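A short write-up of the structure that comes next.
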Amino acid sequence: MKSSATSTDALCYHCGNSISGDLYVADDKQFCCAGCKGVYQVLSQNNLCNYYTYNQSPGQQKQEAEQHFEFLNEPKIFSQLVDYTDKNVTLITFYVPAIHCSSCLWLLEHLHKLNKGILQARVDFLKKQVAVTFNHNEISLKMLVELMVSVGYEPLISLQDIVKENKGSENRGLIKKIAVAGFCMGNVMLFSFPEYLGLSSFEHQFQSLFGWLNLVLAIVVTFYCSRDFFISAWGSLRQKVINLDTPLAIIIAVLFIRSAFEILSSSGPGFTDTLSGLVFLLLMGRWVKQRTYNHISFNRDYRSYFPVAVTLINDGEEKPIPINDLNIGDRVLVRNNEIVPADSILMKGEGYFDFSFVTGESQPVTKVLGEIIYAGGRQIGEALEMEIVKPVSQSYLTRLWNNETFSREDSKIKNFNDTIARYFSAVVLIIAFTAAGAWYFLGDSSRAWDSFSAVLIVACPCVLALSTPLTLSTVLGFFDKNDFYLKNTDVVEQLARIDTVVFDKTGTITCPNVVNLSFTGRLNLYEEALVASAARNSSHPLSREIVKWLAVKHILPVENYQEIAGKGIFAMIEDQEVRLGSRSFIAPDSLPSDNSSSVHISINGRYKGFFKIKQQWRNELKGLIDSLKPKFRMHLISGDTSSERKNLSSIFPENVPMLFKQSPHDKLNYIRKLQWSQNTVMMLGDGLNDAGALRHSDLGVAVTDNINNFTPGCDAILKGDSLYKIPQFISHAKSAVRIIRFSFAIATVYNLIGVYFAVQGKLSPLTAAVLMPLSTVTIVTFTNIANRYLAKKNKLK
């Protein structure tokens with residue numbers, strides 16, 4: 001059932017959007033479009049309406065667009081996408097951007113009720129992934145994807161999905177070592193209790209046994225759990241650099257050697273409890289540091305921007321093939337909203353391409369027969385036939401992405417720990433050798449060895465190794481809640497050093513999905529109804545925005561409706577001829593050239609005016625610039641034209657350089673120029689044309705409205721709605737660095753106390769066992785309290 005009346009205050013039962021235009025009704029429930037109504041009917045027919053119980057209007061508006069999933073029937077593509085398959089069962093993992101609430105989770109895990117061929121579905125809510133096990137003899141992969149699309153959960157399948165990376169293997173190995181170290185620590189502590197509390201005559205019988213058991217556990221801790229520390233230390237020494245793992249590896253080695261000597265010679269209990277506790281805490285600190293946003297890809301590959309397959313035209317027949325199988329001379333079909341897969345020549349049709357993500361140019365570009373179309377452009381309009389002139393691996397987009405001049409070393413970020421380690425190690429070794437030398441010349445060689453090893457044991461940078469990841473990981477947590485995702489904890493320290501901020505324009509400081517309309521001309525109420533009635537029949541986003549802007553209450557019946565892709569709309573309404581579209585479609589010769597995006601209107605051949613689409617700046621952009629102005633140097637570089645220079649001049653200070661029509665190489669060279677002038681540069685961008693600048697800047701931040709959409713390689717990903725919080729993020733990063741330095745001061749106090757006993761050769765296992773946990777508890781408590789206080793001060797939730 002469909003009502004012809006427009007409802008201005010009703011909300012869609014499925015997606016919660018306000019209903020403008022026709023009102024669709026099913027089971028006394030109102031829907032904004034046929035797509036939302038269709039999803040509800042599918043769920044209702046399969047007794048899955050509990051989907052609407054957990055959350056109010058949990059769905060998302062379903063776009064009525066033609067879908068092409070025939071490529072999923074190709075065996076080669078199928079084998080590349082699936083995780084596992086045998087004669088009957090297949091397992092595949094999809095990324096589904098629409099997952100956002102408990103209703104989504106419930107519905108996706110009940111997919112088996114929609115088709116008996118689906119055996120099981122499990123959702124990873126944080127990663128927005130669905131692992132589906134299905135019987136491919138009963139339901140094909142294509143049918144499975146179409147089923148998910150029919151209920152509003154379309155999987156996002158890109159070329160990079162064919163590369164199965166085991167990202168969690170490294171973390172799993174670390175977790176195993178933490179578990180082993182924890183087991184060993186607990187048992188060593190248990191066996192050492194008699195030493196702590198004093199040995200009775202009965203317990204003396206087991207002293208040797210407990211010592212040997214502790215030594216066995218210490219061997220496991222040293223040669224298995226601590227292996228990464230030794231590898232890292234050796235690697236740094238080979239590079240003639242000292243990192244924090246170098247003194248840690250020395251301390252672990254000394255602890256083990258001294259413990260083994262005392263136990264084997266029956267001269268003491270050794271320091272196996274300190275050794276196992278130290279390694280356990282260090283591994284925990286390393287896990288905290290590595291624990292980052294695994295569901296977000298910071299090191300993007302150009303393949304994740306491309307589709308999995310393209311439609312090949314061979315002897316008049318259309319067949320989907322993997323994109324990597326494309327050859328020079330192949331003719332392909334590129335439909336509306338599809339991406340050009342490789343550099344091609346337009347052979348049939350009129351192209352209207354959006355290159356904003358590749359070049360930064362916000363205005364779509366018209367292409368005619370015979371012109372070269374570069375890879376990465378998105379076709380807007382009719383289906384085109386194109387002939388490949390370069391393979392994917394040599395296309396403009398791929399060469400742009402793989403350009404060696406865009407690359408930089410990941411070691412550009414220097415952290416506080418590695419900086420202090422070289423000095424810390426030198427000071428500790430000087431004290432240790434001095435103490436040993438003093439006792440040796442005094443004639444007490446036994447105490448010389450005790451003092452030497454004791455200084456290395458007690459002057460441990462483990463508190464620093466713990467405080468830094470704990471502090472920075474807490475900061476990552478606060479940033480996460482505010483939609484700012486950093487690649488790792490080292491990026492926090494780099495953020496604190498920033499003194500120059502460089503903005504891209506299109507998609508970074510503008511809202512890509514928000515349309516700001518204004519009308520120039522004159523329309524009476526009846527003419528407004530004519531325009532709205534014609535525009536309501538189009539699925540084009542601008543047509544829907546015009547309908548909303550006009551807010552007409554009564555829609556008129558439309559006859560002889562035609563929509564010419566890439567040009568405009570023609571409709572007859574109550575014997576009135578209505579045209580909406582581009583300047584060339586309405587009146588190509590009588591209107592002046594206009595560089596801005598606009599929709600022109602004519603009724604019965606008479607020109608009525610045009611809707612102008614203006615750039616919509618992000619919320620609180622002016623406030624952001626005003627906040628950055630006193631402390632940071634700012635620059636604006638854009639691949640777009642200078643048509644918005646006047647508007648931007650009212651937002652940015654007069655002294656801010658603004659460069660337009662900048663190529664990717666121009667942007668990269670500009671960043672280098674700033675760095676040569678001793679500036680620490682943060683680049684904020686969103687497109688492939690920003691890839692080189694983002695990679696080469698001291699801190700590259702990709703701005704996006706969906707963190708899981710494709711973005712260039714970067715150090716951080718920021719949701720567009722949180723762009724105005726950049727000053728708070730920088731301020732909190734600076735606060736975190738101050739916390740780390742203060743923690744180092746606290747650790748130094750504990751170390752000095754320990755060294756006082758150590759240089760005298762009087763450090764007992766009990767003293768070492770007390771100092772380590774006491775210092776650890778102090779630092780953990782301090783960092784947590786300080787972080788939460790400063791987050792509140794910096795207005796981060």
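Here are a few things to note about the model shown:
- Fully extending the segment from Ile328 to Phe742, taken as 0.36 nm per residue of separation minus the present Cα-Cα distance, adds 142.9 nm.
- Applying the criteria of a DSSP loop state and at most 11 other Cβ atoms within 10 Å to the trypsin sites (Lys or Arg not before Pro) of segment 91-162 yields Lys116.
- Taking Trp617, Trp287, Trp212 and ordering them by how much accessible surface each has at a 1.4 Å probe, largest first, produces Trp212, Trp287, Trp617.
- Table column - 3J(HN,Hα) (Hz), segment 653-660, Karplus curve with 6.51, -1.76, 1.60, x for Gly and Pro: x, 4, 7, 7, x, 10, 10, 10
- Once C-alpha pairs closer than 8 Å and six or more residues apart are averaged by separation and normalised to the residue number of segment 170-291, the relative contact order reads 37 percent.
- Solvent-accessible ranking of Phe585, Phe611, largest area first, probe 1.4 Å: Phe585, Phe611
- Of the solvent-accessible surface of segment 70-157, computed with a 1.4 Å probe over protein heavy atoms with every protein chain present, carbon and sulfur atoms account for 53 percent.
- Residue order for Glu317, Glu109, Glu527 - accessible surface, 1.4 angstrom probe, largest first: Glu317, Glu109, Glu527
- Compared with the direct C-alpha span, the chain from Lys793 to Arg422 gains 130.2 nm at full extension, assuming 0.36 nm per residue.
- Point-to-point label distance, Glu528-Lys673, nm (Cα→Cβ direction, 7 Å offset): 4.9
- Carbon/sulfur fraction of accessible area - segment 598-681, other protein chains in place, 1.4 Å, %: 45
- Scanning residues 5 or more positions from Ile555 or on other chains, those with amide H under 5 Å from its amide H are Thr6, with H placed 1.01 Å from N in the peptide plane.
- Fully extending the segment from Ala10 to Phe183 would add 56.2 nm, taking 0.36 nm per residue of separation and subtracting the current Cα-Cα distance.
- Given +1 at the Cβ of Lys and Arg, -1 at the Cβ of Asp and Glu and no other charges, the dipole of segment 70-157 around its Cα centre is 140 debye to the nearest 20.
- Distance (nanometres) between label positions extended 7 Å along Cα→Cβ at Lys646 and Asp27: 5.5
- For Tyr54, solvent-accessible area (1.4 Å; no DNA, RNA or ligand), Å²: 120
- Over segment 489-578, accessible surface divided per residue gives 45 Å², non-protein components excluded, 1.4 Å probe.
- Exposure of Asp480 as accessible area (Å², to 10), given a probe of 1.4 Å and all protein chains: 60
- Over all orientations, segment 170-291 has a Cα convex hull whose mean projected area works out to 7.9 square nanometres.
- Distant-in-sequence amide contacts of Asp686, defined by a placed amide H-H separation under 5 Å and a gap of 5 or more residues or a different chain, comprise Val703.
- Cα Rg over Rh - segment 70-157, Kirkwood: 0.93
- Per-residue Karplus couplings for segment 725-742, computed as 6.51 cos²θ - 1.76 cosθ + 1.60 with θ equal to phi - 60°, are listed in order as 8, 3, x, 5, 4, 5, 4, 5, 5, 4, 5, 5, 5, 5, 4, 4, 5, 5 Hz, Gly and Pro entered as x.
- Average accessible surface area per residue within segment 170-291, 1.4 Å rolling probe, Å²: 51
- Rounded to the nearest whole Hz, the Karplus-based 3J(HN,Hα) values (6.51 cos²θ - 1.76 cosθ + 1.60, θ = phi - 60°) of segment 545-557 follow the sequence 5, 5, 4, 5, 5, 6, 6, 6, 7, 10, 8, 8, x, with x at glycine and proline.
- Inter-label distance, nm, simple model (7 Å from Cα along the C-beta direction), Arg122/Phe441: 6.7
- Tyr52 accessible area, assembled protein chains, probe 1.4 Å, Å²: 20
- Unit charges on C-beta of K, R, D, E only; dipole of segment 170-291, Debye: 680
The values are calculated or read from the model by the stated rules, or taken from the named source; none is laboratory data. Bear in mind that the values here come from a model prediction, so they are computed numbers and not experimental data. Neighbour counts are summed over all protein chains in view; Cβ atoms, including those assigned to glycine, are modelled from backbone coordinates with ideal geometry. Surface areas here come from the heavy atoms of the whole protein model, side chains and all, with no ligands, DNA or RNA. Shrake-Rupley method; radii C 1.70, N 1.55, O 1.52, S 1.80 Å.
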